[in-house]
């Protein structure tokens, strides 16, 4: 197993982006509750509720602004930041793709430039297994050596891939900085948004006629534990963070008492754009390949090097998701599960 003692100094200062969302908030609360971190700097466009702890400082910075890089470098130096944990990503498709690009791609560029200027000891980046792409020629399990091919015409996935490319270049130029990217599997949760949770909340779930891909479902608490391990130890490189076990999409839908609405692929392409534009469809046509083809990630590297062990498998995560969806879904699970 790789070293679990950080190369940064004892009682480091940790900067966290994305603390307005569950994973960032959970990390800040964890660091506040312990004594490992000397200070926590919450970097957000506005002050989130979790930034009020005695060792926590709110550092308001808008990552989309041109001057953000210089401002972040000042924040890092002034607070003597040792570790940056970058979690400020949009986990579900949005209509304002220009803003999403500015936040995710340009915002990450600002953060990495500031990390370089301040000579940070470690940067942990939130990635996504969707970056591999859902394609008919994918292997049964995608390990970290597989190329990030994404899917055609999806701004969300293109941004994820571009961010990782930026991060890889940063890691090459800064060999003394521990650079870790956690490629999260499908987080199925009411705490963490995403197009898969949105689909499975619906009573009628649109699918692609003739396709039934295998899927993994990762619990939000397991996702957080992987982030905690990466922050508190030194694990350079990319790691798939996945659950154990696979479920066919049709099985996941049936176990929740949902009904499928199989749509021909051509209908997704023709009518999907209109339905997405009028916000009557949770999945834009650019992501429909994730409902057609498998993109199952191999989590062995994280288990062997980080010691990451998911506490819930895919089926248990699905059951927890449906239990928290309300009495009707829970009763349906008890009947079908």
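Scanning the stretch 38-51 for residues that are touching a strand residue (DSSP E or B) at 6+ places or on another chain (Cβ under 6 Å) and either closer than 16 Å to residue 225 by Cα or surrounded by fewer than 22 Cβ atoms within 10 Å (Cβ to Cβ) (or both) gives 38, 39, 47.
Scanning the stretch 248-299 for residues that are more than 26 Å from the chain's Cα centre (by Cα) and in a loop (DSSP other than H, G, I, E, B) turns up 257, 264, 278. Determine which single condition residue 10 fails, assuming it passes every other condition in (1) part of a loop (DSSP other than H, G, I, E, B); (2) under 21 Å from the mean Cα position of the chain (by Cα); (3) without any contact (Cβ under 8 Å) to a residue 24 or more places away in the chain. It fails just one condition, (2). In the stretch 52-70, of all residues being out of contact with any helix residue (DSSP H, G or I) (no Cβ under 7 Å at 6 or more places or on another chain) and part of a helix (DSSP H, G or I), the one that is surrounded by the fewest Cβ atoms within 10 Å (Cβ to Cβ) corresponds to 52. For the stretch 71-102, a residue qualifies if it is without any contact (Cβ under 8 Å) to a residue 60 or more places away in the chain and not in a helix (DSSP H, G or I), and exactly one does: 96. One residue stands out in the stretch 320-331 among those that are closer than 29 Å to residue 299 by Cβ and either in contact with a helix residue (DSSP H, G or I) (Cβ under 6 Å, 6 or more places away or on another chain) or at pLDDT below 95 (or both): the one that is surrounded by the most Cβ atoms within 10 Å (Cβ to Cβ), namely 322.
In the set 117, 158, which member is over 25 Å from residue 25 (Cβ atoms) and in contact with a helix residue (DSSP H, G or I) (Cβ under 6 Å, 6 or more places away or on another chain)? Step by step, each of 117, 158 is checked, and only 117 is over 25 Å from residue 25 (Cβ atoms) and in contact with a helix residue (DSSP H, G or I) (Cβ under 6 Å, 6 or more places away or on another chain). Here residue 112 passes the criteria (1) surrounded by fewer than 23 Cβ atoms within 10 Å (Cβ to Cβ); (2) touching a residue at least 40 places away in the same chain (Cβ under 8 Å) except the one numbered (1). Here is a check on your reading of the model: is residue 196 in contact (Cβ under 8 Å) with a residue 12 or more places away in the chain and more than 30 Å from residue 280 (Cα to Cα)? No. Do the conditions hold for residue 237, that is, is it in contact (Cβ under 8 Å) with a residue 24 or more places away in the chain, surrounded by fewer than 21 Cβ atoms within 10 Å (Cβ to Cβ), in contact with a strand residue (DSSP E or B) (Cβ under 8 Å, 6 or more places away or on another chain) and under 22 Å from residue 86 (Cα atoms)? Answer is yes for this residue. Here the stretch 208-220 is the region considered, the condition is being crowded, with 18+ Cβ neighbours inside 10 Å and under 23 Å from the mean Cα position of the chain (by Cα), and the residue that is nearest to residue 82 (Cα to Cα) is 220. Evaluating residue 134 against the criteria (1) closer than 26 Å to residue 186 by Cβ; (2) surrounded by fewer than 17 Cβ atoms within 10 Å (Cβ to Cβ); (3) in contact (Cβ under 8 Å) with a residue 12 or more places away in the chain leaves one unmet condition, (2). Report whether or not residue 73 is at pLDDT 95 or above, closer than 22 Å to residue 164 by Cβ, buried (at least 17 other Cβ atoms within 10 Å of the Cβ) and over 16 Å from the mean Cα position of the chain (by Cα). No; evaluated as a whole, the condition is false for this residue.
The values are calculated or read from the model by the stated rules, or taken from the named source; none is laboratory data. Everything quoted here is computed from the prediction, not taken from an experiment. Virtual Cβ from ideal backbone geometry, glycine too; neighbours counted across all protein chains shown.
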